[in-house]
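Participant: Have a look at this one.
The values are calculated or read from the model by the stated rules, or taken from the named source; none is laboratory data. These numbers come from a predicted model, not from an experiment. All Cβ positions, even for glycine, are placed from backbone atoms using ideal geometry, and neighbour counts span all protein chains on display.
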Amino acid sequence: MKKLFLIISFFGIMVSFSLTGCKKEETAATEDIIPVKVVELKKENVRRVITSSGQFSTDDETFLSFKTGGIIKTIFVKEGDAVKRGQLLAALELTEISAGVSQANAGYEKALRDYKRVNNLYKDSVATLVQLQDAKTGLEISTHQLEIANYNLRHSEIKAITDGFILKKYVTVGTFVSPGMPILQTNGASKGNWILKVGVSDNEWSSIKINDTATIEIDAVPDKKFEAKVFRKSEGVDLYTGTFTIELKLTTKPTVQLASGLFGRAAITPAQTISSWLVSYDAILDGDRNSAFVFTTDDYKTVRKMKVNIVEVREDNVLISDGLENSKALITSGNAYLSHGSSIRVVR
């Protein structure tokens, strides 16, 4: 009897261990299946919004300089001054330039006398035709030299080419300047032709067309948005920033005072739509501005980790251009516990 009792007890223990092992295996298998939420993937034609920032200027900003070199005698304006078209802004010391005009004028008068004398002698058959032609050529040369000297004299002063403001003064009185050296920078801000220049990527540049609409926000003018349109696109990349320049022109004259150099943020809405997926932030893993990873499923039992390209990051979702072409559903919840090939259970 004692021996029979020991045999029965042994078999009881073995059955108990076997049942316990099965339960553990079932629990482990259940724990490996991760509950997730999914959404069906559907491509849409979406109008994207391209955001960027830049500084305000006008389309007639100009660097003013002297045609000739010399010493600056007077600068009549300072930075920020309003100017009128034709107003005298700066002048050179004219001693050397005026002497050049006098010298050219004396040469012209001598050449004119010589020509008249040779012409009279030629009429009397005393001078030859060659002498007359040489005298005429000398007169023409001296005439042109006088014109150049007077031209240089006129451009020894800087006058405003339009109504506007002085943005920058680069030199002071007494400075020796060379021809073409920037002296003053002006713009025609009084016309209200304000332009915001922003930088965009090559992909964004290709999506933007002339006359696409935009809205602009300015830190200096809070709680107000300005309507604008694409006025000009650069045809080459900026070597310093590596971006393409888009110029946005305000469509109405601003009711508030703006200034060159003000910082502005633009939201450009291209008229052209793109075919893409709108994805919630919950589905994105390890994302940056241009790419991210997501989990997708085709059989609703296992997942795949996919790399996708991001076109635009919005307030509520992300615009994806490619990477989801061969997927049926996107994991939107529970993806933090997943890895490639994980088993899932879809929950509502």
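Participant: Could you tell me whether any residue of segment 75-97 is in contact with a strand residue (DSSP E or B) (Cβ under 8 Å, 6 or more places away or on another chain), outside any helix (DSSP H, G or I), among the polar types (S, T, N, Q) and modelled with pLDDT of 90 or more?
Facilitator: Yes; the residues of segment 75-97 include at least one that is in contact with a strand residue (DSSP E or B) (Cβ under 8 Å, 6 or more places away or on another chain), outside any helix (DSSP H, G or I), among the polar types (S, T, N, Q) and modelled with pLDDT of 90 or more.
Participant: Go over the candidates Ile284, Ile320, Ile310 one by one and state the one that is in contact with a Phe, Trp or Tyr (Cβ under 7 Å, 6 or more places away or on another chain) and of a type in the set (Val, Ile, Thr).
Facilitator: None of the other options fit; the residue is Ile320.
Participant: Answer yes if at least one residue in segment 195-217 is out of contact with any His (no Cβ under 9 Å at 6 or more places or on another chain), of a type in the set (D, E, K, R) and assigned to a strand (DSSP E or B), and no otherwise.
Facilitator: yes
Participant: Which one of these is part of a strand (DSSP E or B) and in contact (Cβ under 8 Å) with a residue 60 or more places away in the chain: Ser275, Ser260?
Facilitator: Ser275
Participant: Then there is this: If I ask for residues that are surrounded by 13 or more Cβ atoms within 10 Å (Cβ to Cβ), under 30 Å from Lys159 (Cβ atoms) and either over 60 Å from the mean Cα position of the chain (by Cα) or of a type in the set (S, T, N, Q) (or both), which ones from segment 92-133 would you list?
Facilitator: Result: Ser98, Gln103, Asn105.
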